[in-house]
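Asks: Handing you a structure now.
The values are calculated or read from the model by the stated rules, or taken from the named source; none is laboratory data. Keep in mind the model is a prediction, meaning the values are calculated, not measured. For neighbour counting, all protein chains shown are included, and Cβ atoms are generated from backbone atoms with ideal geometry for every residue, glycine included. Protein only, heavy atoms only, side chains kept; ligands, DNA and RNA dropped before computing areas. Shrake-Rupley method; radii C 1.70, N 1.55, O 1.52, S 1.80 Å.
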Amino acid sequence: MAERPRRCAIYTRKSSDEGLDQAYNSLDAQRDACAAYITSQKHEGWIPLETRYDDGGFSGGSLERPALQALLADIVNGAIDIIVVYKIDRLTRSLADFAKLTETLDKYGVSFVAVTQQFNTSTSMGRLTLNVLLSFAQFEREVAGERIRDKIAASKRRGMWMGGRPPIGYDVKDRKLVINEAEAETVRHIYRRYLELRSLNALQTDLKQAGIRSKNHIGTDGRPFGGCVIGRGALGYILTGQVYRGLVLFKGELYPGEHPRIVPEDLFQEVQAALNAQGPGEAARTKRPSTSLLKDLVFDEAGIPLQVSHTNKKGRKYRYYVSASKMRGPTQAGDGFRVPASDLEKIVVQSLARHLRDQHWLDQTFKGHVDVTRFQRLTSLAGNLANMIEKELAQGTGLIPTVIDRIVVAKKTITIKAQPARFISLLLGQVSEAEQFQPPIEINVFGQFIRCGKEVRLVIGQDETKDTKVDSRLVREIVQARQWFDDLANRRVASIADLARLSGVSAPYISKKISLAFLAPDITEMIVTGTQPMRLTPEALKRACPLPVSWDEQRALLII
């Protein structure tokens, strides 16, 4: 009996468009190799389809490719039986995307074949081996991305312009910023007018009446855009832009730029002083004290300050301490902090008050550095200072900045740093010369950032050195996944289907759960020691499967 014809679609891809204009290019070479393989399988009933599915100049890190989308549409319509590619990474370099594709292929009974890598998704072992190969493909892609980011960072530290739309006042020539004299005079006019008006609203109105508009640009499609009224946000960017001083700002650090400056230094500094005096909004002219107790005191581990931010929802104001990276826009998972202000302020105030009432802490911190009589008076007054600090949450008298030097926020700890001399001055009035040189105080508060719905909350727990409760269900999930993988890797079972039969579960269940065998070591250690965040439950772990290959993505999904 003749084999039923099996319709084969050839898919080709190349990441860059370099060389695609040649008479015989990479896509043609891939297609010829795939067509030859299909011919070799003619006895199995394989026949090539005439439709071409070629993605030239598209990355394998995304599924948003026109030819791939057309291929998937034809699969849904039942027009394809087998997908043939030159190598696995031509289809995708992402393990998560491959899992989605596999689900679609299984649903419509379509197989996947790589002609230079003899694996077939029609078998469970083939899928397992493909997962391993794709892990390396994704690793290569991430390493390439890291190299690009490192190159950009090194270039910016050298003051080089790294592309994008040039700001008003500059044009790009030979990949460098050069001054556009007409626009440069507009920038200097904006600086001078702000010093005269001292208001962004008034400045915006003044520029609109004067007919001054934003910079004109040409889009990648050749269409012009820009030339509109300059908004308040754009004015704020212009008035604080370090680029106009001839500098390049990168991750909070300033580097001398290769481009010339537009705004004189004295004019720039005068504008910054006026902006700082005005504060965030016209109402700040009255110089009301900030409602944020820890303003200018909160930093991350890299020493970058967390800025005060707020939002209003249904008439209620929500305050945050936010990393500069998150203020600028969306970031990768795990980059920077956005800490609810009320949570952080409550933790700092309660920690300070608790330590001031702790006789053991007072002994360790001040005894031996302060003479006996003064130490007795200090301990008797420490409770009063604790009461005053606790009132800060309601009154906000500005006492906290007189006590604390810095608050460092990390993923698992909050460190409060202060000078003992400040406490002594507040409690006893005078500080002797010897008391001024005591070692600094550090108070560590252990906790976790957890997501509750759309909100991120700061939950304080115990010191990691203390006893913790291990969730045996989480441990069992990891042990089971590792046992399954070990059975497959050592060929004690032939396939996932056989393993499912022996384990009394379905094959798709094992295919999802076996990814726990590759859980990041630090997350595994947390689970084994019972120090995982509260939200990492067995149910949450189950929902996350199959896990991404990247450990950073796993941490973003399960921990951060």
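Asks: Using only the heavy atoms of the protein chains and a 1.4 Å probe, how would 160, 526 rank by accessible area, largest first?
Replies: The residues order as 160, 526, largest area first.
Asks: May I ask you to rank 266, 498 by accessible area, largest first, using a 1.4 Å probe over the protein chains only?
Replies: From most exposed to least exposed: 266, 498.
Asks: In addition: Below 13 angstrom from the Cβ of residue 389, what's the summed charge of the other residues (Lys, Arg +1; Asp, Glu -1)?
Replies: Net local charge, residue 389 excluded: +2.
Asks: Excluding ligands and nucleic acids, what accessible area in Å² is computed for residue 259 using a 1.4 Å probe, to the nearest 10?
Replies: Ignoring ligands and nucleic acids, residue 259 comes out at about 20 Å².
Asks: Would you kindly find the accessible area of residue 26, with a 1.4 Å probe and non-protein molecules such as ligands, DNA and RNA excluded, rounding to the nearest 10 Å²?
Replies: 40 Å²
Asks: With a ≥ b ≥ c taken as the square roots of the eigenvalues of the C-alpha gyration tensor of the range 196-264, please select rounded if a/c is under 1.5 and otherwise prolate if a/b is larger than b/c or oblate if it is not?
Replies: Oblate.
Asks: I've got another one for you. Not counting ligands, DNA or RNA, and with a 1.4 Å probe, what is residue 42's accessible surface area in Å² rounded to the nearest 10?
Replies: Counting only protein heavy atoms, residue 42 exposes about 150 Å² to solvent.
Asks: Using the Karplus curve 6.51 cos²θ - 1.76 cosθ + 1.60 with θ = phi - 60°, what ³J(HN,Hα) values do you get for each residue of the range 494-501, in whole Hz, with x for Gly and Pro?
Replies: 7, 7, 5, 4, 5, 5, 5, 4
Asks: Accessible area per residue, 1.4 Å probe, Å², for the range 1-120: what's the number?
Replies: With the other protein chains kept in place, the range 1-120 gives 50 Å² per residue.
Asks: In addition: Given 156/317; 87/107; 411/513; 295/391; 346/367; 42/87, which pairs have Cα atoms separated by over 26 Å?
Replies: Those over the limit are 156/317; 411/513; 346/367.
Asks: Could you work out the local net charge near residue 477, counting Lys and Arg as +1, Asp and Glu as -1, over the other residues with Cβ closer than 11 Å to its Cβ?
Replies: +3
Asks: Here are some pairs, 100/412; 14/542; 208/313; 14/151; which of them have Cα atoms lying more than 27 Å apart in this structure?
Replies: Beyond 27 Å: 100/412; 14/542; 208/313.
Asks: Still on this structure, I have one more. Give me, ordered by chain and number, the residues 5 or more places off residue 6 or on other chains with an amide H under 5 Å from its own placed amide H.
Replies: Under 5 Å from the amide H of residue 6: 46, 47.
Asks: How do 175, 31, 147, 319 stack up against each other in accessible area, from largest to smallest, with a 1.4 angstrom probe?
Replies: So, going from the largest accessible area down, we get 175, 147, 319, 31.
Asks: Also: May I ask you to give the percent of accessible area on the range 163-235 that is carbon plus sulfur, with a probe radius of 1.4 Å?
Replies: Summing carbon and sulfur atoms, their accessible area is 48 percent of the total for the range 163-235.
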